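The values are calculated or read from the model by the stated rules, or taken from the named source; none is laboratory data. None of these values were measured; they are calculated from a predicted model. Here the Cβ positions follow ideal geometry from the backbone for every residue, glycine too, while neighbour counts run over all protein chains shown. Protein only, heavy atoms only, side chains kept; ligands, DNA and RNA dropped before computing areas. Shrake-Rupley method; radii C 1.70, N 1.55, O 1.52, S 1.80 Å.
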Amino acid sequence: MREFFFQSEQDQPHPARARAIIKSHPEVRRLMERNPYTGLIAFSVVALQTAIAYGVGNLGLSYWWLSLLLAYGLGAFANHANYVIVHDATHNLIFRRRSWNRLTAILADLPNLTPGAMGFWVYHLRHHSHQGDYEWDADLANHWEARLVGNKWYRKAIWLMFFPVFQLTRPPRLRAIKMWDRWFSLNLVAAALYDIGVVYFCGWAGLLYLVFSFFFSVGLHPVGARWIQEHYTNDPEQETYSYYGPINRLCLNMGYHNEHHDLPSIPWNNLPKLRALAPEFYDCLKYHPSWSGLLFQFIFDKRYTLFSRIERMKKSRDSAATVRGAALNRRKAIAVEPEIAGV
């Protein structure tokens, strides 16, 4: 089992590839637009999830098994689609006004029951600007977290099941980032009012359905495999992966992750167009053809651990970190096994 992240002193690949794409295909700039219809999708998904919660709420807690099945087969996809909408709103790809994007993100976040949209807004933008930097990128697991999970299949399954809980443990290790502002407070109040409304009108059974939907949408479910797809790797030569499978249609093209990191000013509906416009930049990259297959591979393949990530070592780190990175690089004289995903 790996004991540390793969170490890299190279800059992340996305800015250079973005410049090359724009130089070769200047028409790609036409794809950089806003899609206000995404806001309508957000409202529709919130209405759908609330209606289902009301329906199962009328059946009562004795039908918890039906809530579980509905959440796995429908609710997880609905909540995940709204995650993508929170994501696009974070990049201001829905409306021109930043405040409207924030309000859309808060709206889309309601079925998740927790005030996560504004926190995601802060940490996701840091992820783009400091990809792989342990002190800035909350997408990297904590060292203790990775060691705790290890490469045992049942521990990885439990980690995926409770992924949102583990995410909450990461911000304290990051450099000081302002979280509590009026938007975070509004997100908190909106989530609390929605939760109270669900319990009042839909009962605890309705709330249970939304809890199931929330955990499946980011955890032990095919759509939860996208957290693995995006940056987990057994090949230190490639740190970002895309997924080109049918679930993209339900998840608003969230699988097009290399494309998104290259040009984050392109909304979800235009990401397939970017790949089609510049195939020479993407056909040479490895990708994942199946989220369901990747889910099982991550859990049962012992090569995959939470350390299967690239950590970017910066020259500005203190001497101890530099020595540690050099030692790790010397220890990394291993034969890299082929990537599981197809090309």
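Which condition number in (1) surrounded by 18 or more Cβ atoms within 10 Å (Cβ to Cβ); (2) part of a helix (DSSP H, G or I) is the one that Thr233 fails?
Failed condition: (2).
On the given criteria, is Pro36 out of contact with any helix residue (DSSP H, G or I) (no Cβ under 8 Å at 6 or more places or on another chain) and without any contact (Cβ under 8 Å) to a residue 12 or more places away in the chain? Quick ask: steps written out before the conclusion?
Numbers: out of contact with any helix residue (DSSP H, G or I) (no Cβ under 8 Å at 6 or more places or on another chain): yes; without any contact (Cβ under 8 Å) to a residue 12 or more places away in the chain: no.
Taking the combined requirement at face value, the residue does not satisfy it.
Give the residues of the range 1-30 that are open to solvent by less than 20 Å² (accessible area, probe 1.4 Å) and outside any loop (DSSP other than H, G, I, E, B), sorted by residue number.
Here is the first cut: in the range 1-30, the ones open to solvent by less than 20 Å² (accessible area, probe 1.4 Å) are 5-7, 14, 18, 21, 28.
Phe6, Gln7, His14, Ala18, Ile21, Val28 - these are the residues of the range 1-30 that are open to solvent by less than 20 Å² (accessible area, probe 1.4 Å) and outside any loop (DSSP other than H, G, I, E, B).
Can you work out which of the residues in the range 152-187 that are open to solvent by 100 Å² or more (accessible area, probe 1.4 Å) and in contact (Cβ under 8 Å) with a residue 40 or more places away in the chain is nearest to Phe216 (Cα to Cα)?
Trp153
Would you check if there is a residue in the range 205-216 being free of Cβ contacts under 8 Å to residues at least 24 places away in the same chain and either assigned to a helix (DSSP H, G or I) or surrounded by 19 or more Cβ atoms within 10 Å (Cβ to Cβ) (or both)? Explain how you work it out, then say what you get.
Of the residues in the range 205-216, the ones free of Cβ contacts under 8 Å to residues at least 24 places away in the same chain are none.
Checking the range 205-216: not a single residue is free of Cβ contacts under 8 Å to residues at least 24 places away in the same chain and either assigned to a helix (DSSP H, G or I) or surrounded by 19 or more Cβ atoms within 10 Å (Cβ to Cβ) (or both).
Test Asp88 against the stated conditions and say whether it is acidic (Asp, Glu), within 18 Å of His261 (Cβ to Cβ) and outside any helix (DSSP H, G or I).
Values: acidic (Asp, Glu): yes; within 18 Å of His261 (Cβ to Cβ): yes; outside any helix (DSSP H, G or I): no.
When the stated conditions are applied, Asp88 does not pass them.
Consider the range 137-151. How many of its residues are free of Cβ contacts under 8 Å to residues at least 40 places away in the same chain and buried (at least 20 other Cβ atoms within 10 Å of the Cβ)?
Looking only at that region, the number is 2.
From the residues in the range 236-249 that are assigned to a loop (DSSP other than H, G, I, E, B) and open to solvent by less than 20 Å² (accessible area, probe 1.4 Å), which one is nearest to His261 (Cα to Cα)? Walk me through how you get there before you give the answer.
Filtering the range 236-249 down to residues assigned to a loop (DSSP other than H, G, I, E, B) leaves 236-241, 244-245.
Pick out the ones that are also open to solvent by less than 20 Å² (accessible area, probe 1.4 Å) and you get 240-241, 245.
On the way: Thr240: 9, Tyr241: 10, Gly245: 18 Å.
Selected residue: Thr240.
For the list (1) part of a helix (DSSP H, G or I); (2) within 18 Å of the chain's Cα centre (by Cα); (3) more than 25 Å from Ile299 (Cβ to Cβ), I need the number of the one condition that Phe166 fails.
Result: Phe166 fails condition (3) only.
Would you call His80 open to solvent by less than 40 Å² (accessible area, probe 1.4 Å), out of contact with any strand residue (DSSP E or B) (no Cβ under 9 Å at 6 or more places or on another chain), under 27 Å from Leu174 (Cα atoms) and modelled with pLDDT under 95? Don't jump to the end; show me each part of the working.
Details: open to solvent by less than 40 Å² (accessible area, probe 1.4 Å): yes; out of contact with any strand residue (DSSP E or B) (no Cβ under 9 Å at 6 or more places or on another chain): yes; under 27 Å from Leu174 (Cα atoms): yes; modelled with pLDDT under 95: no.
Judged against the criteria, His80 is not a match.
Only one of (1) hydrophobic (A, V, I, L, M, F, W, C); (2) part of a helix (DSSP H, G or I); (3) under 20 Å from Thr305 (Cα atoms) is not met by Leu220, so which one is it?
(2)
Taking the condition under 21 Å from Tyr83 (Cβ atoms) and of a type in the set (Lys, Arg), does Arg147 pass?
Taking the combined requirement at face value, the residue does not satisfy it.
Would you check if there is a residue in the range 217-229 being touching a Pro at 6+ places or on another chain (Cβ under 8 Å) and either open to solvent by 40 Å² or more (accessible area, probe 1.4 Å) or at pLDDT 95 or above (or both)?
Looking through the range 217-229, none of the residues is touching a Pro at 6+ places or on another chain (Cβ under 8 Å) and either open to solvent by 40 Å² or more (accessible area, probe 1.4 Å) or at pLDDT 95 or above (or both).
Of the residues Leu103, Leu70, Leu93, Leu66, which single one is without any contact (Cβ under 8 Å) to a residue 12 or more places away in the chain and either buried (at least 18 other Cβ atoms within 10 Å of the Cβ) or in contact with an Asp or Glu (Cβ under 7 Å, 6 or more places away or on another chain) (or both)? If you could, list the steps in order and put the result at the bottom.
Values: Leu70 fails: without any contact (Cβ under 8 Å) to a residue 12 or more places away in the chain; Leu93 fails: without any contact (Cβ under 8 Å) to a residue 12 or more places away in the chain; Leu66 fails: either buried (at least 18 other Cβ atoms within 10 Å of the Cβ) or in contact with an Asp or Glu (Cβ under 7 Å, 6 or more places away or on another chain) (or both).
None of the other options fit; the residue is Leu103.
Output the residue which, of all residues in the range 37-53 that are surrounded by 13 or more Cβ atoms within 10 Å (Cβ to Cβ) and more than 22 Å from the chain's Cα centre (by Cα), is nearest to Phe281 (Cα to Cα).
The extreme case among them is Leu48.
Can you find a residue in the range 117-137 that is closer than 22 Å to Gly219 by Cβ, part of a helix (DSSP H, G or I) and among the acidic types (Asp, Glu)?
Checking the range 117-137: not a single residue is closer than 22 Å to Gly219 by Cβ, part of a helix (DSSP H, G or I) and among the acidic types (Asp, Glu).
Taking only pairs six or more apart or across chains, which ones have beta-carbon atoms under 8 Å, a first residue in the range 272-283 that is among the acidic types (Asp, Glu), and a second residue that is open to solvent by 60 Å² or more (accessible area, probe 1.4 Å) and assigned to a helix (DSSP H, G or I)?
From the range 272-283, the pairs are Glu280/Ser24.
Residue check: is Tyr256 among the hydroxyl-bearing types (Ser, Thr, Tyr), open to solvent by less than 20 Å² (accessible area, probe 1.4 Å) and at pLDDT 95 or above?
Details: among the hydroxyl-bearing types (Ser, Thr, Tyr): yes; open to solvent by less than 20 Å² (accessible area, probe 1.4 Å): no; at pLDDT 95 or above: yes.
For Tyr256, the condition - among the hydroxyl-bearing types (Ser, Thr, Tyr), open to solvent by less than 20 Å² (accessible area, probe 1.4 Å) and at pLDDT 95 or above - is not met.
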